[in-house]
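Read the structure below first, then the notes.
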Amino acid sequence: MRFISAILIFVSLLLIAVFMARLGSPKTTISPMIGKPLTEFSLPAINSESDGLTSADLRGKYAILNIFAQWCITCKYEHPVLMQIKEKNGLPIYGVAWRDNLTKLNTWLKNDGNPYEKIGADNDGSLIIKLGVTGAPESFLISPEGIVLFNYKGALTQKVYEEEILPLVKK
Amino acid sequence: MKKFIILILIILPSYSFALTAEEHLENPAQEQQARDIFRQIRCVVCSGESINDSKADLAKEMRVMIRNEIDKGRSEEQIINELTQSYGIEILMTPPVIKETSILWFFPIIAILLGVSFIAYFFNKNNK
């Protein structure tokens, strides 16, 4: 009977370990968007001096699509990293301003710098939902063919850019 | 008179808010269909709430999107498929029984069976 008891305890512990491992697995945080074509979209401009943003703008090159907002504190923390990428002639960054106050957004970008090639305003969150976004900031690496290669939830850092994004870019 | 003015000032902001609330679909059958979908979709920024019950902005945006899709003539299956494509099956309040969710469905059953076996084993042992 001791043998049966030992087996029962072993199987229980094994199941608990498997369950905990599944809960903590990084696979659970992989975006379902990876490997899929970027959805077609067309967003209006954030001011009268610039164009809006369409999915066609991201084609033909590796590009970062960054979801951000002026009301988002983490986006302000991320902003210097994006500026650094731009200043070092890194990958082009395209912005999606999510549910934003455009007057405040334009003032912020004018004062702190604009790291984006183009920005589109997603006023009703329709693109956000199609991209499976849960919060701002969030970034996607898009291939020249328009395939989503990488998704990062949270503030992009120089480390993530260099160690996780750049290795995916084929030279 | 002063109390009456204060009362009006208190009521006025909530009345204005009601005017800007989400627009429902005019067709009652379509609105019912939308609500059926809301109850099946998990709020991705809340814990254990459907978008039907959530007050989060993202849940509100999803409700607006779903109503728009229904208005365009999209079926319930198409809308749910599209949301699952974007967010994965985690967005469903009741995940389907598939390989990826098998542990979620069968672990509690196995745990109960093991628990019962333990109790039965020790109960028998103590009775001997």
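Readers should treat all values here as calculations from the given coordinates under stated rules, not as data from a laboratory. These figures come from a predicted structure and were not determined experimentally. Cβ placement follows ideal geometry from the backbone for every residue including glycine, while neighbour counts extend to all protein chains displayed.
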Handout entry: Quarter of the Cα convex hull surface for the stretch B:24-95, i.e. its orientation-mean projected area (nm²)
Key = 4.3 nm²
Fill in the blank from the handout: Of the DSSP H helices in chain A, the ones reaching 27 Å or more along their long axis in Cα terms and averaging at least 0.5 in Kyte-Doolittle hydropathy are A:2-24
Exercise for the section: Do me a favour and compute the ellipsoid semi-axes for chain A from its Cα gyration tensor, root of five times each eigenvalue, largest one first, whole Å. Expected result: 39, 17, 16
Fill in the blank from the handout: Given a Förster distance of 22 Å, the FRET efficiency implied by the Cβ-Cβ spacing of residue B:55 and residue B:76, rounded to the nearest 0.05, works out to 0.40
Problem - Inter-site label distance for residue B:31 and residue A:50 at 7 Å from Cα along Cβ, in nm - result: 4.0 nm
Completion exercise
Pairs over 19 Å Cα to Cα, from A:76/A:153; A:104/A:153; A:86/A:130; A:76/A:110, come to A:104/A:153; A:86/A:130
Exercise for the section: Take chain A, connect every pair of alpha-carbon atoms lying under 10 Å apart with a spring to form a Gaussian network, then pick out the residue of A:149, A:14, A:82 with the largest mean-square fluctuation. Expected result: A:14
Problem - Descending principal axes extents, the stretch A:48-149, alpha-carbon based, whole Å - result: 34, 32, 27
Fill in the blank from the handout: One would report the antiparallel percent of DSSP beta bridges in chain A, rounded to the nearest 5, as 55 percent
Problem - Modelled FRET efficiency - R0 22 Å, residue A:157 with residue A:76, Cβ distances, 0.05 increments - result: 0.95
Practice task
Mind checking which aspartates and glutamates have their Cα closer than 19 Å to the Cα of residue A:36? Skip sequence neighbours fewer than 8 apart in that chain.
Solution key: A:57, A:138, A:145, A:164, B:82, B:90
Completion exercise
Taking a ≥ b ≥ c as the square roots of the Cα gyration tensor eigenvalues, with a/c under 1.5 meaning rounded and otherwise prolate when a/b beats b/c or oblate if not, the stretch A:44-91 comes out oblate
Practice task
Provide a whole-number value for the mean count of partner chain Cβ atoms within 10 Å of the Cβ atoms in peptide B:111-122.
Solution key: 2
Handout entry: Whether the stretch A:129-171 is rounded, prolate or oblate, judged on the alpha carbon gyration tensor where a/c under 1.5 counts as rounded
Key = oblate
Practice task
Quick one: among A:110, A:118, A:76, which has the greatest mean-square fluctuation in a GNM of chain A with alpha-carbon springs under 10 angstrom?
Solution key: A:110
